[in-house]
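*Asks:* Input: one structure, supplied below.
The values are calculated or read from the model by the stated rules, or taken from the named source; none is laboratory data. Predicted model, so just to flag it, every value in this text is computed and none were measured. With ideal geometry, Cβ positions are generated from the backbone for all residues, glycine too; neighbour counts draw on all protein chains shown.
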Amino acid sequence: MKIAISGKGGVGKTILASLLSRIFAEAGYSVLAIDADPNSNLAATLGFPHPEEITPISEMRALIEERTGAPPGQAGGFFKLNPKVDDLPEKYYYEYNGIRLMVMGRIKKGGTGCYCPENTLLQALITHLLLERDEVVILDMEAGVEHLGRATARAVDKLIIVVEPGRQSVETAYRINKLARDIGLLNITIVGNKVRSQSEREFLTSSLQGFEFLGFIPYDQAIVEADVNNRPVLDASQKVINEVRKIYRALLQAA
Ligand SMILES: Nc1ncnc2c1ncn2[C@@H]1O[C@H](COP(=O)(O)OP(=O)(O)OP(=O)(O)O)[C@@H](O)[C@H]1O
Ligand SMILES: [Mg+2]
């Protein structure tokens, strides 16, 4: 199963990606979590020791040059458009508590015009992970679908757009939905996070009519407190864990 998670900044993408990774891993699945958000924090949230020591693939200059034939940052030059990547998943991952993690790092934006070696390598790698790997892949992204393309869209079983009660994340959801549809990714679902009341839940369902909702996760102050006190946020709230378990079951049913 291949799951991609997107949504506005701060809505709870990384917490959802982390809890889902853990639940799949505990159920015996082989799980590969991919941090594709330039402000990576998946490693830290998953409790990996020394997350600050992880080098994102986008910063591995020698590797990028070796595989593409050009150093990173060189837009418009000559480099391989189909670099070899199939050996990278076995080399550049970190493992903790039965979850394997790959950190992609920052890719250069610039619309469709940005053909540079590091983007090409990351795109090829993500395409490989989504199309060729037989495991649960959970992709923690930013507020877009930059890492996906037409080739990978059909491999994504679900694009989860996380929203919180508030206009901004809803507007972002519409934008992401459009970007996803433009590349042919149609398996889109919504998860409402930080929901405090029935009326907040209704705000989300009425603002996002026509969308499928996979689940709702309650707001729990215990998560904020764990975060502030540098305790593991994943264990902080049984209420949140229970709802993510339901989301996990819904994903299995949909598959
Ligand atoms: N259900 C919840 N209840 C309370 N706090 C929450 C909840 N979900 C997430 N948070 C808090 O919201 C903040 C953002 O969560 P998280 O990092 O998972 O979001 P994100 O979408 O990955 O953010 P970013 O865009 O910065 O990567 C964190 O401080 C987290 O502790
Ligand atoms: Mg995040």
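*Asks:* What's the total number of residues in segment 147-170 that are surrounded by fewer than 23 Cβ atoms within 10 Å (Cβ to Cβ) and without any contact (Cβ under 8 Å) to a residue 40 or more places away in the chain?
*Replies:* Number of matching residues: 8.
*Asks:* Something else: Say whether the condition of being among the small types (Gly, Ala, Ser) and over 19 Å from the mean Cα position of the chain (by Cα) is met by at least one residue in segment 47-58. Step through it out loud before you land on a result.
*Replies:* Restricting attention to segment 47-58, the residues satisfying the condition of being among the small types (Gly, Ala, Ser) are 47, 58.
Subset that is over 19 Å from the mean Cα position of the chain (by Cα): none.
No, every residue in segment 47-58 fails to be among the small types (Gly, Ala, Ser) and over 19 Å from the mean Cα position of the chain (by Cα).
*Asks:* I'd like the residue in segment 202-255 that is among the polar types (S, T, N, Q) and in a helix (DSSP H, G or I) and, out of all such residues, is farthest from Met1 (Cα to Cα).
*Replies:* Selected residue: Gln221.
*Asks:* Give me the residue from segment 138-160 that is within 14 Å of ligand 2 (Cβ to nearest atom) and either assigned to a strand (DSSP E or B) or basic (Lys, Arg) (or both) and, out of that set, nearest to the chain's Cα centre (by Cα).
*Replies:* Asp140
*Asks:* So Ala4 fits all but one of (1) buried (at least 20 other Cβ atoms within 10 Å of the Cβ); (2) assigned to a helix (DSSP H, G or I); (3) under 17 Å from the mean Cα position of the chain (by Cα); what number is the exception?
*Replies:* Status for Ala4: all satisfied but (2).
*Asks:* If you go through segment 161-175 one residue at a time, how many are over 21 Å from Ser237 (Cβ atoms) and part of a helix (DSSP H, G or I)?
*Replies:* Total satisfying the criteria: 8.
*Asks:* Then there is this: Before we move on, is Phe79 more than 17 Å from Gln123 (Cα to Cα) and part of a loop (DSSP other than H, G, I, E, B)?
*Replies:* Against the criterion (more than 17 Å from Gln123 (Cα to Cα) and part of a loop (DSSP other than H, G, I, E, B)), Phe79 does not qualify.
*Asks:* Take the residues in segment 176-191 that are part of a helix (DSSP H, G or I) and in contact (Cβ under 8 Å) with a residue 12 or more places away in the chain; name whichever of them is nearest to Ile3 (Cα to Cα).
*Replies:* Ala180
*Asks:* Output the number of residues of segment 7-44 satisfying the condition of being assigned to a helix (DSSP H, G or I), within 12 Å of ligand 2 (Cβ to nearest atom) and under 19 Å from Gly215 (Cβ atoms).
*Replies:* Looking only at that region, the number is 6.
*Asks:* So Ser58 ticks every box in (1) more than 20 Å from Ile241 (Cα to Cα); (2) assigned to a loop (DSSP other than H, G, I, E, B) but one. Which box is left unticked?
*Replies:* Every condition holds for Ser58 apart from (2).
*Asks:* Could you count how many residues in segment 28-46 are within 16 Å of ligand 1 (Cβ to nearest atom) and either farther than 22 Å from Glu135 by Cβ or modelled with pLDDT of 95 or more (or both)?
*Replies:* 11
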